[in-house]
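Notes to accompany the following structure.
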Amino acid sequence: MNKITNHQLFRLIVAHFAEIIREPAVIFWGVVFPILMAWGLGIAFTQKGGAQVNLAIVTSDSNHKKLHDPKLFSFLEANAVKKDSSFSLALTNQKLGDTKLSYFVTSSSNAFKMLKKGEVSVIIEADSTGSRYYFDPANAEAKAAYRIASNVSAYGIASYGSNQQEIRPLSLSGTRYIDFLIPGLLGMGIMMASCWGISYTIIDRRSKKLLRRMVATPMRKSNLLFALITARFVMNLAEALLLFLFAWLYFGVKIQGSWPALILLFIAGNIAFSGISILISSRTANSEVGNGIINAIVTPMMVVSGVFFSYHNFPDWIIPAIQWLPLTLIADSFRNIFNEGAGFTDVWREALALTSMGIGSFAMGMKLFKWY
């Protein structure tokens, strides 16, 4: 019995690891998909070729009454390139960067369809009295597009960045959107892989009566759970390294802070979500219910924890609660290390909080755990 026990944990780890890597779907969702997401979002928000602003010019109202602003169209005829029913205006500025304005001349109904689809951000209604701009004031991109288009139309192309002496372009490492995104994706990867790789595996085996069979074997409950956690940790480490390698080679993302602090935080994040995963799956015996519980845990954090956009966009009263979510702690701390040069003294509290969450959840999960 002692011989079996001594080698049991190692053999379970090897078995779980082999089970993970032999599934193509696991490799895709764990390795390929995060890289594709980083690549797509990085390309979309890191526009090396300049900013693109799309606007719609309404030339007829809902009653098919013809609208025409001689001043606007004279400006476009003189400065823009016309192609079919659209105008393209290129603005060049050494400090502000290049911006391309695309004006689509269309009817009122079609302009609003384009706005709803996100094809344009501003609608210009042009008639003999002048131009009126329609856009969502809560949309920062639309407000910026309005300011550029209205200023250029009124004062000419030279007005774009005319106050260059006041412009100080940022060239600091870590200020790009991709620098904000990658640490968040690394944290989200730990959460998703742990919750689905550990929780769903246990729930699925319990629903299929596989855990019931394991009761009859000389296997310790703790060995099974530690083997699942260890195998998932190894996969999480490989996935994180591949994602960072891609971000470093393709986007030039760098780690400005302490590598040991980053490793400590990575381990703490795995402990946190491994413990949470054990607690989630401690008693659930239905895979559909388990699927719902996991989604109820991970989806809100994925939305509010600042993975894709800053959580400071939410109301002030809820931000303190968001900051103590485990995914927020990981993402914020990763960003501090990546972009602000943080070390042990800057992230030890977050690492301690994550470790405490994981140990507490694991202890509770072990106490509640049932085989069937």
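The values are calculated or read from the model by the stated rules, or taken from the named source; none is laboratory data. This one's a predicted model, so the numbers in the text were calculated from it and none came from an experiment. All Cβ positions, even for glycine, are placed from backbone atoms using ideal geometry, and neighbour counts span all protein chains on display.
Some values worked out for this structure:
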| item | result |
| --- | --- |
| Among residues of the range 319-342, those that are buried (at least 23 other Cβ atoms within 10 Å of the Cβ), of a type in the set (Ser, Thr, Tyr) and under 11 Å from Met301 (Cα atoms), counted | 0 |
| Top-ranked residue of the range 90-114 - restricted to ones that are at pLDDT 85 or above, in contact with a helix residue (DSSP H, G or I) (Cβ under 9 Å, 6 or more places away or on another chain) and under 16 Å from Gln52 (Cα atoms), ranked as surrounded by the most Cβ atoms within 10 Å (Cβ to Cβ) | Tyr103 |
| Selection from the range 251-302 of residues that are crowded, with 20+ Cβ neighbours inside 10 Å, over 22 Å from the mean Cα position of the chain (by Cα) and among the small types (Gly, Ala, Ser) | Ala261, Gly275, Ser281, Ser282, Gly290 |
| Where Trp248 falls short, out of the listed (1) touching a helix residue (DSSP H, G or I) at 6+ places or on another chain (Cβ under 8 Å); (2) surrounded by fewer than 24 Cβ atoms within 10 Å (Cβ to Cβ); (3) at pLDDT 90 or above; (4) among the hydrophobic types (A, V, I, L, M, F, W, C) | (1) |
| Filter result for the condition that a residue is in contact (Cβ under 8 Å) with a residue 40 or more places away in the chain, hydrophobic (A, V, I, L, M, F, W, C) and part of a helix (DSSP H, G or I), over Ala331, Ala285 | Ala331 |
| Elements of type strands (runs of 3 or more DSSP E) in the range 70-141, at least 2 residues being more than 32 Å from the chain's Cα centre (by Cα) and of a type in the set (D, E, K, R) | 81-83, 122-127 |
| Test result for Leu224, closer than 24 Å to Gly40 by Cβ and surrounded by fewer than 24 Cβ atoms within 10 Å (Cβ to Cβ) | no |
| Among (1) modelled with pLDDT under 75; (2) closer than 30 Å to Glu119 by Cα - the single one Gly40 does not satisfy | (1) |
